[in-house]
């Protein structure tokens, strides 16, 4: 058979073989043990399957990824044996598996819940965006901005601010009213920043 390297991030949760068959509405075959431990796995396109615990956990580890990549590397790049290390694979695996990516829509929902988010490529720059909720300020005698003072005076001493998306820039400044580019909106590499 031809060999394939499969690359995708899946969602999974522990589930016995019996519970998975029950979930799917299937009758479990007589030669299968409903108590077998495993995982209910959902792929990026929505396809669902069940995988035995040992196989899933072995295949879903940095060590497994390293073995697959090492075989490919050795076959195609044997002249550079030091180019791939388990430490490097673990670093990448941890970055992707422990902090999966989201769409822009999911990033917006995360921001509405008070989370900071960033595109994966922003990590080195310490940039992120968040939602600053709207607020109403009453009786502000110390307003120095003439435009805000005029709004406050016209509204009986009250200024209402709408919510906005703010960005912590690469230089450490706060940008009010950050606007996403077309690329930002169509990208699937958004992450929650802890």
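Need the failing condition index for residue 94 against (1) surrounded by 12 or more Cβ atoms within 10 Å (Cβ to Cβ); (2) modelled with pLDDT under 85, just the number.
Single failed check for residue 94: (1).
Out of the helices (runs of 4 or more DSSP H) lying entirely within segment 102-193, which hold 1 or more residues that are at pLDDT 90 or above and farther than 26 Å from residue 44 by Cα?
146-154
Given the condition modelled with pLDDT under 90 and in a helix (DSSP H, G or I), answer yes or no: does some residue in segment 41-54 qualify?
no
Tell me which residues, restricted to segment 1-46, are in contact with a strand residue (DSSP E or B) (Cβ under 9 Å, 6 or more places away or on another chain) and surrounded by fewer than 10 Cβ atoms within 10 Å (Cβ to Cβ).
Listed by number, the list holds a single entry, 13.
Considering each of 27, 3 in turn, give the residue that is in contact with a helix residue (DSSP H, G or I) (Cβ under 9 Å, 6 or more places away or on another chain), at pLDDT below 85, over 26 Å from residue 121 (Cβ atoms) and not assigned by TED's automatic domain parsing to the domain that holds residue 188.
3
If I ask for residues that are touching a helix residue (DSSP H, G or I) at 6+ places or on another chain (Cβ under 9 Å) and either surrounded by 14 or more Cβ atoms within 10 Å (Cβ to Cβ) or touching a residue at least 60 places away in the same chain (Cβ under 8 Å) (or both), which ones from segment 125-157 would you list?
Matches in segment 125-157: 128, 129, 130, 131, 143.
On the given criteria, is residue 79 assigned to a loop (DSSP other than H, G, I, E, B) and modelled with pLDDT of 90 or more?
It is false that residue 79 is assigned to a loop (DSSP other than H, G, I, E, B) and modelled with pLDDT of 90 or more.
The values are calculated or read from the model by the stated rules, or taken from the named source; none is laboratory data. Computed from a predicted model, the values in this text were never measured in an experiment. With ideal geometry, Cβ positions are generated from the backbone for all residues, glycine too; neighbour counts draw on all protein chains shown.
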